1. Counting only residues that are modelled with pLDDT under 90, surrounded by 14 or more Cβ atoms within 10 Å (Cβ to Cβ) and among the polar types (S, T, N, Q), which one in the stretch 1-45 is nearest to Y61 (Cα to Cα)?
2. Give the residue that is farthest from N51 (Cα to Cα), with candidates limited to residues of the stretch 117-133 that are surrounded by 11 or more Cβ atoms within 10 Å (Cβ to Cβ) and modelled with pLDDT under 75.
3. Just to check your reading of the model, which residue among A62, A55, A72 is among the small types (G, A, S), modelled with pLDDT under 90 and in contact with a Ser or Thr (Cβ under 9 Å, 6 or more places away or on another chain)?
4. Would you list the helices (runs of 4 or more DSSP H) that sit entirely within the stretch 26-80 and hold 1 or more residues that are in contact with a Gly (Cβ under 9 Å, 6 or more places away or on another chain) and within 19 Å of G131 (Cβ to Cβ)?
Amino acid sequence: MAEQIIFYILAAIIAVFSILAVTSKRIIRSATYLLFVLLATAGLYLLLGYNYLFAVQVAVYAGGVMVLFIFAILLTNRPGADVKSELAVRRVVAGITALAGVAFCAHIIYYNVNKVMVTVAQSELTPQQIGHTMLGTDKYQYLMPFEAISILLLACIIGAIMIARKR
């Protein structure tokens with residue numbers, strides 16, 4: 001019963017702060033709201049007993065990626081300025097697209113939840129197996145995408161520095 005209450009509290013935090021992150025006109029506040037979403041997601045991992053994913057979520061996403069976001073915002077934007085609001089037509093299109101995405105995800109979850117639960121229950125991965133899969137070079141291992149993402153992040157940082165330098 002207590003786990004359900006904690007789950008609902010974390011789900012409410014994620015839902016509310018996700019909406020606030022998207023609708024806030026202040027970009028630093030949006031980044032702060034995103035930080036709360038990432039920390040609540042880490043709380044869900046902890047609630048599920050995935051201590052490794054909890055630690056990765058807090059260290060990598062809530063720590064590293066948020067520092068990168070704030071750094072990029074401060075370099076490329078005026079953090080105190082308001083963000084321009086979009087046209088009403090764009091908001092309606094965005095809302096319809098979001099609802100279509102939610103319906104699509106609900107459809108996938110509804111028809112595949114039993115398969116996923118059986119697969120997860122049968123195989124428990126250790127952090128060593130996850131690390132070997134993430135940094136391995138064999139078939140179905142992810143060293144190449146991992147390195148490509150690091151190059152992409154480096155390009156983003158260099159681009160932010162170049163944009164800030166022109167000012």
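1. Across the stretch 1-45, the extreme among qualifying residues is T32.
2. By that ranking, first place goes to V120.
3. None of the others qualify; the one that does is A62.
4. Because the criterion is at least 1 residues that are in contact with a Gly (Cβ under 9 Å, 6 or more places away or on another chain) and within 19 Å of G131 (Cβ to Cβ), the helices (runs of 4 or more DSSP H) in the stretch 26-80 that meet it are 51-56.
The values are calculated or read from the model by the stated rules, or taken from the named source; none is laboratory data. Since we're looking at a predicted model, the values are computed, not measured. Here Cβ is always computed from backbone atoms with ideal geometry, including for glycine, and neighbour counts include all displayed protein chains.
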